[in-house]
Amino acid sequence: MSETETTAQRKKHRHISPVWLIPLIALLIGGWMLYHTLSSRGPEITLIMNNAEGIDAGNTMIKARNVDVGEVTSVSLSEDTSHAVIKARMNPGTDRLLNEDTRFWVVKPRIGREGISGLNTVLSGAYIQLQPGHSENAQDSFEMLEQPPVAPPDAKGLRLHLTSAAAGSLNVGDPVLFQGFTVGRVENLEFDTEDRVVHYQLFIQEPYEDLVTSNTRFWLASGINFDLTSEGFSLGLGSLESLVSGGVTFGVPEDIPPGEPVGANSNMVFSLYSDEENALQGSFSHYLRYVVMIDDTVRGLSRGAPVEYRGVRIGTVDTVPYRIDLLQENQVEGFRIPVLIRIEPQRLQAKVDEESLKDWRARIDTMFKNGLRASLKTGNLFTGALFVDTNFVEDPSKQTLKDYNGVAVFPSEPGSFAQIEQKVTGLLDKLNNLPVESSLDRLDATLASSESLLNELNETAGSLNEVLNDESTRALPGDVQHTLRSIEQTLSSYSSEAPAYGELTSTLKSLEQLMRSLQPAARTISEKPNSLIFNRGEIQDPQPRARP
């Protein structure tokens, strides 16, 4: 074989057979299909929740505005078994829905304050609701909400932060009221274990956000508000929703400027008060503290009672009693009860600062020198509630105590009850000093003398009657006989059988009985002066005892 033929055979063997094109094409098609499948699939996300009740892999759908946007692919426990981990495959084109503001929650039948929701899932089964966010930061792992959100993140309105020391006062979804009208909802709450303070987030929907100003106060709406104070009692009823579920209401206290709207970008944190009265008191942030030393009983005087000047409220009772443990150091003052009060100048003028507080302090000190004194008075006879009244008095008593525990002392005078007790005690002392026994003895002697005199008059009348019946007397002139008859009638009127004698005797006996009856009453009142107002107590029957 020639060299040329050998070379031709080698070239023939190097030629690739067309059969190999078939698997190559198949490989290219498979790669393209894999790429198409992978590129057409949506992103995979991870959802974390405490309880996977109602979630089924391959059946539970993810919806946004009732449109299917994904499907749950697997449900498993975390490595520490503290929560459930849900894997879900989203539909293509849903990447824009997934960011750090996106929220997920399970839609299932729920019974709440607003009624029954999610009934359509009874037959179809629970599904996961997606609420898109508007952040630019993408995210593929989310913690699911236990409850549906009150408002979407992009909802138009105002979000506020409140703090309260009373945990459990509100719940998510409770209404936010303004003059009884629902203008928002409680959106979130957290309890700070370190500060022991509850943080609430409220959402005020548009267009009511301008109602919240820098001077706005928030308080709990209990639905029924019954208040019993020294001024009487009041009953307030809220809306039906607040009656069932409670809520929070807000407003600007009277006599305070409305203030400026806080705006959506405000970082103000408001306090949540227990009721409207406490919210009103919380608006008086500038005040003067005084201690009133009370001579009377403080029963009926409670914290929050008004401090008035001639009927105008100028302050509030803060603490009853105040640092009673220091009474041992107050022996010179007769163990009077200290009561801490606040004088609130903001009730009398709109703007008060630290400088004006100094002026008020100096002004009140001058009033003390002119006779301004404090005393307790009854505000309500039905409840027995007391309040602190201030007024100028004549001949004020000298105050020896200037401060108590570092707080200035507000000079005081005995209250109305103490004054009544002093007057009653003085009257009883006078009654006790009356010579009752000697008066009764003199009265007995007077009665005996009167009886002897009447007997003598009766004898004289009898003798005169014999004289008149004598024949020689009849022979006297008529004028003389008439005079003797008149004398006889006059003397007869003082006889024991005459009405005048009976009336005089009865009057004297009644007077004697009254004087004797007054003796135990005067003795009881002298020993226990308050028996005029309160019962003196049950008198025990004497118990017979054997002689030793």
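Each residue in the range 89-110 was checked for being under 14 Å from residue 147 (Cβ atoms) and in a strand (DSSP E or B), and 6 pass. The single residue among 244, 269, 252 that is open to solvent by 20 Å² or more (accessible area, probe 1.4 Å), of a type in the set (Val, Ile, Thr) and modelled with pLDDT under 75 turns out to be 244.
In this structure, does residue 406 turn out to be touching a Gly at 6+ places or on another chain (Cβ under 6 Å), exposed (fewer than 15 other Cβ atoms within 10 Å of the Cβ) and over 30 Å from residue 258 (Cβ atoms)? No.
Output the number of the condition that residue 429 fails; it satisfies all remaining conditions of (1) modelled with pLDDT under 80; (2) within 20 Å of residue 337 (Cβ to Cβ). It is condition (2) that residue 429 fails. Where strands (runs of 3 or more DSSP E) fall entirely within the range 333-396, those with at least 3 residues that are closer than 20 Å to residue 286 by Cα and touching a Phe, Trp or Tyr at 6+ places or on another chain (Cβ under 7 Å) are at 337-343.
The rows are residues; the columns are (1) among the hydrophobic types (A, V, I, L, M, F, W, C); (2) open to solvent by less than 70 Å² (accessible area, probe 1.4 Å); (3) modelled with pLDDT of 80 or more; (4) part of a strand (DSSP E or B).
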| site | (1), (2), (3), (4) |
| --- | --- |
| 162 | yes, yes, yes, yes |
| 168 | no, yes, no, no |
| 184 | no, yes, yes, yes |
| 188 | no, yes, yes, yes |
| 191 | yes, no, yes, yes |
| 194 | no, no, yes, no |
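When the range 369-384 is filtered for residues that are of a type outside the set (Lys, Arg) and loosely packed, with under 14 Cβ neighbours inside 10 Å, the ones remaining, listed by number, are 370, 381, 382, 384.
Quick check, is residue 142 outside any loop (DSSP other than H, G, I, E, B), touching a residue at least 24 places away in the same chain (Cβ under 8 Å), surrounded by fewer than 18 Cβ atoms within 10 Å (Cβ to Cβ) and of a type in the set (A, V, I, L, M, F, W, C)? No: the conditions fail for residue 142. If you go through the range 276-301 and keep only what is assigned to a loop (DSSP other than H, G, I, E, B), open to solvent by less than 70 Å² (accessible area, probe 1.4 Å) and more than 13 Å from residue 377 (Cα to Cα), you end up with 283, 284, 286. Summed over the range 64-84, the residues that are open to solvent by 30 Å² or more (accessible area, probe 1.4 Å) and either at pLDDT 90 or above or of a type outside the set (Lys, Arg) (or both) give a count of 14.
The values are calculated or read from the model by the stated rules, or taken from the named source; none is laboratory data. Because the structure is predicted, anything quoted here is derived from the model rather than measured. Here the Cβ is made from the backbone with ideal geometry for all residues, glycine too, and neighbour counts use every protein chain on show. In case anyone asks, the SASA skips ligands and DNA or RNA and just uses the protein heavy atoms, side chains included. Shrake-Rupley method; radii C 1.70, N 1.55, O 1.52, S 1.80 Å.
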